[in-house]
Structure formats: structure tokens, C-alpha cells
1. Looking at the chain as a GNM with Cα springs under 10 Å, which of 71, 55, 63 has the largest mean-square fluctuation?
2. Relative to the longest principal axis of the chain, what angle (0 to 90°, nearest 10) does the C-alpha long axis of helix 17-26 take?
3. As a quick test, which of the pairs 117/155; 7/28; 20/144; 7/104; 28/81 have an alpha carbon distance above 19 angstrom in this structure?
4. Relative to the compact-globule scaling 2.2 N^0.38 Å, provide the ratio for the alpha-carbon radius of gyration of region 1-145.
5. Could you identify which residue out of 37, 141, 98 has the top mean-square fluctuation in a GNM of the chain using Cα springs shorter than 10 Å?
6. Among 17, 123, which comes first, second and so on when ranked by fewest other beta-carbon atoms within 10 Å?
7. Using only the alpha-carbon atoms, how far is helix 68-80 inclined from the longest principal axis of the chain? Give it as 0 to 90 degrees, nearest 10.
8. In terms of Cα to Cα distance under 17 Å, which aspartates and glutamates are near enough to residue 34, apart from those fewer than 8 places away along the same chain?
Amino acid sequence: MIKEKAKIAVFISGRGTNLKALILRSNKKTCNYKIAYVISNKRNAAGLKIAKKNQIITKVISQSFLKKIEQKKLAKILINKNIKFICLAGFMKILSPYFLNFFKNRIINIHPSLLPKYKGLNTHKRAIEAKEKFSGCTIHYVSKKLDSGKIIAKKKVKIFKKDTLKKLEKRVLKEENKLYPLVLEKLVRS
Ligand code: GAR
């Protein structure tokens, strides 16, 4: 018997390369998950176009998402849709503990540094300036504290002496795009 694919919601704010990588993998017959919902806090996020092109339902959340009632509404929608995991993929808003509570241990995030180093923004710039030998990316559970939840997987990327911000970002992003689908499949399986 073929098992039904686990439904995933992806939260984005921008270009959506990680979303695209997750979708590409999900299109494979053997993949155990499918992206059922894409949510953006930015109306013009390029990732929304990727979602629509792949016939995935999208939703834009606005300032009103700050209200608990709106958070509850979205949580209810996702629960009714039987969403198994929420993947944050370049989602640049902090989710409230109230919202997190609806999906305990079921919200994960990808971050462009080797956590616990360089939480927050401008990770590559800070890693280069600190003359780190390595940077990379980390996938972790989302908790109340920013970029501090339990780590699920990391991928190291070497920083070269002549690296520019752009070059490093590109190399790390390439690894993010490989790592995220693999980790999600593993989580769904477990
Ligand atoms: C990625 O590098 C992701 O790790 C980062 O935003 C980028 C989104 O790219 N996320 C964060 O910094 C979250 N703290 P994408 O829109 O092409 O997936």
C-alpha cells in the first residue's frame, strides 16, 4: 500500500530558493512529503510565484497576524488541513509562543550559520569579519528564543581567504537547498 504523503506548510518572506528545493524534491514519486500550503508575510515575495506555479495554495499574512485571534485562525486552518510540519524558509518574522504552542516540535527553520554561532541577521558578514574558517547552515526546531531551538542538522561550508559576502552566501545557499529536503524527508520518516 502506498502511504499518503505528509502535508507540509512552508513560511517564506522572499525569494524562495529553499521553498523551490523542497517542492522539487516533493515532486519525486518516492518523496514522503508534499508542500500543501505556502504562507508569506510579504505580498510581493518571489517565492509566492514559485508556489502558484506549482499549484500550491498560498496565503499572505499581514500586520493583523500580531493578534492572537488571527494566529489562532491560521493555526486552525493548518490543523484542519492536517499539516504535519511547518518549515520556515527565509521567513523573517518571529512567531509568537502562542502560535508555536499549536505545533509543538513541529516547526523547523533553516538558518545560514553554524548555530549556536551567529544567530539573527547578517550571518555571513559577521562570520567573514570574525575570520572564521567555516560557515554553513543549520536546521533546528523553532523555540521561543530566536535561532536557539534543538539542532537537527548542520552542514559546514569552508570560508576562503578571498571570499566575498556574495560568494559565501551563494555557496551556503546551495548547501541549504540540498540539506532542507533531505532533513525534512528524514523527519517525516521518523
Ligand atoms: C536563507 O539563506 C535562509 O537560511 C535565511 O534566509 C534565506 C532565504 O533564502 N533565513 C534566515 O536568515 C532566517 N533567520 P530563500 O528565500 O532563497 O530560501
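1. 63
2. With both axes taken from Cα atoms, the answer is about 60 degrees.
3. On the way: 117/155 13 Å; 7/28 15 Å; 20/144 27 Å; 7/104 16 Å; 28/81 22 Å.
Beyond 19 Å between Cα atoms: 20/144; 28/81.
4. Numbers: Rg = 15.9 Å, N = 145, 2.2 N^0.38 = 14.6 Å.
Relative to the rule-of-thumb radius for its length, region 1-145 sits at 1.09.
5. 98
6. Working: 17 19, 123 24.
Fewest-to-most Cβ neighbours within 10 Å comes out as 17, 123.
7. Computed tilt is about 80 degrees.
8. 4, 185
Each value in this text was obtained by applying a stated rule to the coordinates, not by laboratory testing. Since this is a predicted model, take the numbers as computed values, not measurements. No Cβ is skipped: glycine too gets one built from the backbone with ideal geometry, and neighbour counts run over all protein chains shown.
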